[in-house]
Amino acid sequence: MTAIAPAAPTPAADAARHVGFSHLLAAEWTKIRSVRSTVWTLVIFAVVSLGLTGLLTWLTIRALNSGRAGGRSSGIAADPVNFILGTGLGLGQLAICVLGVLVITSEYSSGTIRASVLATPRRYPMLIAKGLVFGALVFVIGEVVAFGSFFLGAAIVHSHFPVALSQPGVTRAVIGSGLYLTVLGLFALAIGSLIRHTAGAVTTVIGLVLVIFNLTGLLPYSWGAHIHAYMPTVAGVLITQDKDQAGQLLSPWQGFGVFCAWTALLLIIGGYLLQRRDA
Amino acid sequence: MIEVRDLTKRYGDKVAVDHLSFSVEPGRVTGFLGPNGAGKSTTMRLILGLDRPHSGTATIDGKRYDQLPRPLEKVGALLEAKAMHTGRSAYNHLLFLAQSQGLPARRVDEVLALVGLTPVAHKRTGGYSLGMSQRVGIAAAMLGNPPALLLDEPVNGLDPEGILWVRNLMKQLAAEGRTIFVSSHLMNEMAVTADHLIVIGRGKLIADSPTQEFIERSSERSVLVRSPQADRLSELITTEGGVVKQETNGTQPAGLSVTGMEAPRIGELAAASGIVLHELTPRLASLEEAYMELTADSAEFGAAAQAGSGPAEGSGPAEGSRPAGAAPAGAGQPGPAQGEEIAP
């Protein structure tokens, strides 16, 4: 009780010490790594992605071997890489959506946001730091799981459909899967910063990704097809596919650019509202 | 120094803070008092830049909070104790705050030791008691070793030991020359802690004065006199310029309450006329009573509103229901809740 101010910085040192963006990155990294939900969500992501990739490719190959695959074999035959990357990661991506939302909404539900905002009253840099740290984390884990899924699936389908990274578009599709997951996580983070409630934001993100964006594919005429093509995840997922699909309007990188643009727009709005709204 | 100038905050139609102006000086504990809903927390949130005011300014050493480069080194704040992630340890909660200011991790250990949480620092805060959470909040406030501290109801939910600890800490920090601004709705707590009081009601300033002056100004001194010859004494006092009221305890007469005359003079009068005195007690209305009198009009969810079927007294309680000097409880005792007292 006697030493309340043991580390009182001297005025000289005080003036010299500058708080930079790296300090915000360090703080955001501490926040992300110090809660169990981060670890658990990423574990679920990896287990679901790898597990489903393995299970579904194995079941399909087994069906083929026993001659009971029927019409289902045409999908894997036409594009085995897309089959491998699309199965497990297609469901695993939901864990990334949840984590992206939680990274920001858990601050609101717990009240941590007030401590954060007191420490960083200019709130924009905080959101940028959060996005960078979370994005980097998802990128690393996402690439590991994407390559893991690919090699796992490739080993299973090898007897019927030999696939390799050296084939055209395959390396880009695998790396692209990690990139897609990264931007998807940031997209969820942006929605979380707008809605601020975990349940509402998770429902919104998953509803958009699984239902709404795909439903636009039912719109008639060519403008309907264009709207569909420019939906965030519809455009974004192109980079995870090694071959162009029939009627594809955007190239993989164009699609990825569209997805990035949507996400950036939502993050800018989220940052603006974070700055404007009472914390 | 914290300065609030003409600060106004509305939530929809409701005015939470209404053209409020005051300043909080360093080197003393300034109590921030008001009934529930008076706007204390909102004012603190406005000072800290958490909420945006509709008009007016709140500055710390002349700067708005969001203009401070490393705010935690200028102002420490304790708002709600439980406002932290239940899954994160106290250490990590403080660590990210320290990192955001460029403070070394060593500082986290220091503030944890200061609040006595070192043994549980790496446990998740979800398992902490309210008292422990308050300590984490105080540790966070002390992290940047700031010259000013804002504490919103810091003793809420603490056990007596915890209350004493917070009280002593605030006094010690003020003695070091820091600015301590602490809100409470408990008058008696402030009476023993605060050197200066800022009282608000319905978002408006009611009083801004030293604690002692506040009590003296807002309450009337009286002397309780009991004598078997009460009638004669009463006459004598009245002729000498004093004001006498008969006090009753139920139906029993319980002595005379004298205002406008000091106890020694009453004793002299009695002695001169050979009147026997059984009791002669100078009384000062308690701080709680002074506070209730002041804020009775402005209580957001006050007694008048709760009276329900009772007569709609409106602004009554302040003037009519409590005759000066007729306080039922002795000095220093917390009076009964006003709602019970004004019941017909």
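Nothing in this text is a laboratory measurement; each read-out follows from the coordinates by a stated rule. Predicted model only: the values in this text are computed from it and were never measured. All Cβ positions, even for glycine, are placed from backbone atoms using ideal geometry, and neighbour counts span all protein chains on display.
See the values below:
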| read-out | value |
| --- | --- |
| Cβ-defined net charge surrounding A:V170, 15 Å radius [Lys, Arg +1; Asp, Glu -1] | -2 |
| Sequence-distant lysines (8 or more away, or on other chains) whose Cα lies within less than 17 Å of B:K123 | A:K31, B:K82 |
| Computed label-point distance, nm, for sites A:T171 and B:T238 using a 7 Å Cα→Cβ extension | 11.0 nm |
| Under 12 Å from the Cα of B:K14 - aspartates and glutamates, other chains or at least 8 residues apart | B:E300 |
| Placed amide H near B:V17: partners under 5 Å, 5+ positions off or other chain | B:K9 |
| Taking chain A and dividing mean pair separation by its residue count, relative contact order in percent (alpha carbons under 8 Å, at least six apart) | 22 percent |
| A:Q248-A:S109 pseudo-label distance in nm [points 7 Å out on the Cα-to-Cβ vector] | 3.8 nm |
| Region A:82-101 residues near the modelled A:N65 label - backbone nitrogen below 19 Å, point 7 Å along Cα→Cβ | A:84 |
| All-pairs alpha carbon distance profile, region B:107-209, 10 Å steps from 0, percent | 14, 45, 31, 10, 1 |
| Residues B:H185, B:H278, sorted so that the one with the fewest Cβ neighbours within 10 Å comes first | B:H278, B:H185 |
| Cα-projected label distance for A:R36 with A:V140, points at 7 Å along beta-carbon direction, nm | 2.3 nm |
| Estimated FRET transfer efficiency when R0 is 60 angstrom, pair A:H197-A:A77 (beta carbons, to 0.05) | 0.85 |
| Neighbour-count order for B:Y65, A:Y108, fewest beta carbons within 10 angstrom listed first | A:Y108, B:Y65 |
| Spherically averaged projected area of the protein assembly as shown from its Cα convex hull (nm²) | 38.9 nm² |
| Per-pair calculated FRET efficiency, R0 = 45 Å: A:Y124 and B:A175 via Cβ, rounded to 0.05 | 0.70 |
| Förster-model FRET efficiency, 30 Å R0, B:E161 and B:Q212, C-beta, rounded to 0.05 | 0.65 |
| Principal-axis tilt of helix A:123-157 within chain A, Cα atoms, nearest 10 degrees | 30 degrees |
